[in-house]
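The values are calculated or read from the model by the stated rules, or taken from the named source; none is laboratory data. Note that the coordinates shown come from a computational prediction; the quantities given were computed from them, not determined experimentally. Methodologically, a virtual Cβ is constructed for each residue, glycine included, from the backbone with ideal geometry; neighbour enumeration extends over all protein chains shown.
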């Protein structure tokens, strides 16, 4: 038997007819050209060999061999060159033939010229009948002609008889000559076929020849032995022939059966590896251990399997899985240096599989193996992306000699585990990052949306729904800001076309956009848009990511500040103008006022100075309140006396009925006067000149309440929560009616709250306003006589927090 081919999936010679149609990236320009040259060389040499038989022997047909000899040789070549046995090894396939046996028989029964004629004709006819590709028919036929020429020359040189029709069949010398001639045919046949295979697949010739040479040589020995035996049989008795042929045939069957079993084992092994790869691809990191335990036991007949997964190189924590046949998988948490100290340093150093045999191992390794009941183990590092993810140990209770193929399978298995583990970790990390991004997307206070190349919304986070009042279900798939009437500060509509136009000049744009919402009305958004370019295209965007921040409150505050600046400027000029006029009048040389007029001028100037002082105090108090720097000295204060004093200083008629009981509260006297002065000033501004301002002091449970009632126009209900905010004035800052900075009520609210009280407003349109504040009251026994005891009626915690000194109101004064 002779090996005629070693193919991967298909015979390369069957593909030669398609070689020109292959792209250079598949087969390569070099291999195709070399294959064509080889084919032309073999075909040319074969044709010359075939024709040389007629040229060298013009009287060839005058010496025609016997018909039975021609038929015998032709039959041997025809059936001997057609593959009679196919065995697959993994992804490769052997096809065995009887070529060398046919050559030996042909050398015996035919002269060399006729051998060169019969061999190519018989082989070509056989391949045609088998419907082989034409290129293969020509290649095999011409190659056989040249091989027969080489075999005939070698046989003739050794026997010194190239022209005889027969030889001494029983001579050992003849047998040796036939064996050497068959070897020459084998060398020629192997070299040409293997070169064709290597060139067709773009591989190197020598490694491929070395790969198949051992088995091919064994087949050549079998074929040569068979052929020589047949020749020897022809010169001996039938009994000897049977005795000779039977052992050879049995040996051949044994070798064939062993090859078949090995092929089946190889096939099953690769099937298990492929199934393992598929299973590992479908499980997460926690499920990899179960697959590894089961498959390692199946593949290597292991009696102990250990998988250690580390958290990263060099690894400070490890999860260890151990399994033995018939036992449950054991899971341990540990550290590589502590739990795998006998082999972990070597794993990090070598990064290649290695064996540990107990009798030859160092003491620490031997003791560990003995504690596990093992005689040896194989350690395979799990390496991915140059990082050691862990280690796989396969152990045996007895000494097992593993072939190189089995070690290669273990390495392949470890690589599969490493790749799957690496992919599982990447997948988990990706999911974690995706969850983080999803959390940012869903919980961001800023609106986030994305738009595709067509301008349709592809993502819309909850903040966008809250800001715009448009749900994600309504926004997704719709054009950008559909139904929101979005415009820029310049009045340009914000549409997908506007977005594409702006992105032509910059990959990131900033713009202030106004939208009209159904619930909140007009809102201002600060947009930051970034384009995501198509790969390799700087001018085309796959999508645009937009971050929208609601700046409505900021813009309103800026507008309010601008109004405040205008108001304060006016309020400062209002007292300064008369002051300037009075001072200019006083400096005139011809001005000689009477004492009464001079006193009136001084009084008017003093009023303007106080007004100016109050404006400055409001501004300073606001700054102190914002910084939390104001001071509260909480002491018992008679609010009735404070109200009475400020009522007398008011510039308009005030109606006030002093209480008949001590209205004592725990507060800061100066701050109470400041609050009441602000409320009276506010009442003066909004009350008609002929109307009264009413002051009321009353008890309300544990609190003392002070009310300032005016007869102004009143305040709309929706505006009432705004009056105690800073910079808020409900008048028109352009007409300056009424005047004021808009800070007095804000400062009053903060001061009252700091003293543990509360402030509020009651108003109806056309019926004036009632501003009231309540402070924690103090119960006075004996109407506040010097020796009476004072106690706080349920003093609130806020007052105690803001007090700068501790009041012991229960102690009796000692006069």
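Filtering the range 285-319 to residues that are out of contact with any helix residue (DSSP H, G or I) (no Cβ under 6 Å at 6 or more places or on another chain) and assigned to a strand (DSSP E or B) leaves 304, 306, 308, 309, 319. Of everything listed in (1) in a loop (DSSP other than H, G, I, E, B); (2) surrounded by 14 or more Cβ atoms within 10 Å (Cβ to Cβ); (3) free of Cβ contacts under 8 Å to residues at least 24 places away in the same chain, the single unmet condition for residue 491 is (2). Residues of the range 553-584 that are closer than 30 Å to residue 465 by Cα and surrounded by fewer than 17 Cβ atoms within 10 Å (Cβ to Cβ): 553, 554, 555, 556, 557, 558, 559, 561.
Would you confirm whether or not the range 645-662 contains a residue that is surrounded by 13 or more Cβ atoms within 10 Å (Cβ to Cβ), in a helix (DSSP H, G or I) and more than 60 Å from the chain's Cα centre (by Cα)? Yes: one or more hits. Candidates 457, 540: the one that is touching a helix residue (DSSP H, G or I) at 6+ places or on another chain (Cβ under 7 Å) and over 30 Å from residue 559 (Cβ atoms) is 457. In a residue-by-residue description of the range 622-631, the property of being within 20 Å of residue 610 (Cα to Cα), in contact (Cβ under 8 Å) with a residue 60 or more places away in the chain and either outside any helix (DSSP H, G or I) or not assigned by TED's automatic domain parsing to the domain that holds residue 773 (or both) applies to at least one position.
Tell me, yes or no, whether the range 159-176 has at least one residue that is modelled with pLDDT under 85 and closer than 28 Å to residue 44 by Cβ. Yes, some residue in the range 159-176 is modelled with pLDDT under 85 and closer than 28 Å to residue 44 by Cβ. Among the residues of the range 513-540, the ones that are modelled with pLDDT of 85 or more and surrounded by fewer than 14 Cβ atoms within 10 Å (Cβ to Cβ) come to 1 in all.
Given the criteria surrounded by 11 or more Cβ atoms within 10 Å (Cβ to Cβ), outside the structural domain of residue 340 (by TED's automatic domain parsing) and over 24 Å from residue 316 (Cβ atoms), does residue 438 qualify?
Yes: the conditions hold for residue 438.
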